[in-house]
Amino acid sequence: MTATTKARQQFKIQGLDCAEEVAVLKREVGPVVGGEARLAFDILNARMIVTAGPDEVAGEKIIAAVAGTGMRAEPWREDEAGGKGLDFWARWGRTVLTAASGAAALAGVAFHVAAGWGDKPGVAAQVGYGVAVLAGLWLVLPKAWVAFKRLRPDMNLLMTVAVAGAVVIGEWAEAATVAFLFALSLELEAWSVGRVRRAVAALLDLAPPTAWVVADGGVERDVPAKDVAVGAVIVVRPGERIPLAGKVNKGSGHVNQAPITGESVPAPKEPGDDVFAGTVNGEGVLEVTVTKTASDS
């Protein structure tokens, strides 16, 4: 589903990595779309979902509201799930800046030592430290500025003030070190989220691309999984992977859920039980009512 559908709008949010950004987006975007209840977030894919309401809000207004938080939004494309479709800067920008901050800090230390560590750092050392500070805080400054304007101090603003204070009192080495370590912590956080994102993408690849949908009159049709709507009834035969998340409405058996839950023993399934996309049906034919689309399974 794209950002232009009437049912809901979806956006890729550059800078959405953790619950802290979710809280900021709820606070700033919620009033624009008619309340926080209309917002849902998929942190692993850096996606924000705006559900349908009585008054549809233009995507441009939502994008502008996100920009006011220091983050950037653009209409969601399905090929972006799992971090796909990102340009070089979106994928590697934080890593490049963190590496640049660390290298510049080391260069500043080298020039400082060469000039005499106990003395005030020379121009070359100050340039190195300054580059380290700018590179380390480059992605933090927009969020810190928004927090300052809103009078809502957060981690970004506090770290920026700490670094600026160190520079003001002439502690260039400390300022560069703090900026680099803060950038490194954010890089490690983004890296860990990226690992989970890739793992989830690998799990999604386990689900088969098509599903046997029961049409009117009990006729079964082989339909692409992405085209199967919520509420449709699909048939899963013994040994087949379940293509979509749903609820069993007919049949019973055991399902191997190890790829999703890690359970070593197949789980028994009866009418009313939930099943996950990508798991393997054991014995018995299951009729499953789809509860989530392919993109949400």
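Things worth noting here:
- Across segment 227-297, the relative contact order, built from alpha-carbon pairs under 8 Å that are at least six residues apart, equals 49 percent.
- Three-way shape label, segment 135-201, alpha-carbon gyration tensor, a/c 1.5: oblate
- Rolling a 1.4 angstrom probe over the chain with all protein chains present gives an accessible area of which 64% lies on carbon and sulfur atoms.
- Here the dipole of the chain is about 520 debye; that uses its Cα centre as origin and unit charges on the Cβ of Lys and Arg (positive) and Asp and Glu (negative).
- For segment 153-240, the spread of Cα positions along the three principal axes, ordered from largest to smallest, is 80, 26, 15 Å.
- Max-minus-min Cα coordinates of segment 256-297 on each principal axis give 27, 21, 14 Å, with the largest extent listed first.
- Separation between Cα centres of segment 169-201 and segment 29-44, rounded to whole Å: 27 Å
- Set LYS143/LYS292; LYS149/LYS226; LYS12/LYS149 screened for pairs whose C-alpha atoms are more than 32 Å apart: LYS143/LYS292; LYS149/LYS226
- Heavy atoms of the protein chains alone define the surface here; on that basis the chain has 51 Å² accessible area per residue at 1.4 Å probe size.
- Positive-end ranking of SER185, ALA173, THR160 along the dipole of segment 152-199, with charges on Cβ about the Cα centre, is headed by SER185.
- Across the chain, C-alpha contacts under 8 Å between residues 6 or more apart give a mean separation that, scaled by the residue count, equals a relative contact order of 13 percent.
- Gyration tensor verdict on segment 90-167 (Cα atoms; rounded if a/c is under 1.5, prolate if a/b is larger than b/c, oblate otherwise): oblate
- Distance-filtered residues of segment 133-166 - backbone nitrogen under 17 Å, label point 7 angstrom along TRP89 Cα→Cβ: 135-143
- In this label model, ARG150 and LEU184 are separated by 3.0 nm, measuring between points 7 Å along each Cα→Cβ vector.
- Label positions at ASP296 and VAL127, each projected 7 Å from the Cα along the C-beta direction, are separated by 5.6 nm.
- Alpha-carbon Debye profile of the chain, log10 I(q)/I(0) at 0.08, 0.15 Å⁻¹: -0.50, -1.12
- Sequentially through segment 28-35, phi angles give Karplus couplings (6.51, -1.76, 1.60; θ = phi - 60°) of 8, 8, x, x, 6, 9, x, x Hz, Gly and Pro residues having no value and appearing as x.
- Global geometry of segment 81-240, whether rounded, prolate or oblate, following the gyration tensor of its Cα atoms and the 1.5 cut on a/c: prolate
The values are calculated or read from the model by the stated rules, or taken from the named source; none is laboratory data. Because the structure is a prediction, the values reported are computed rather than measured. Cβ: placed from backbone, ideal geometry, glycine included. Neighbour counts: every protein chain shown. Surface areas here come from the heavy atoms of the whole protein model, side chains and all, with no ligands, DNA or RNA. Shrake-Rupley method; radii C 1.70, N 1.55, O 1.52, S 1.80 Å.
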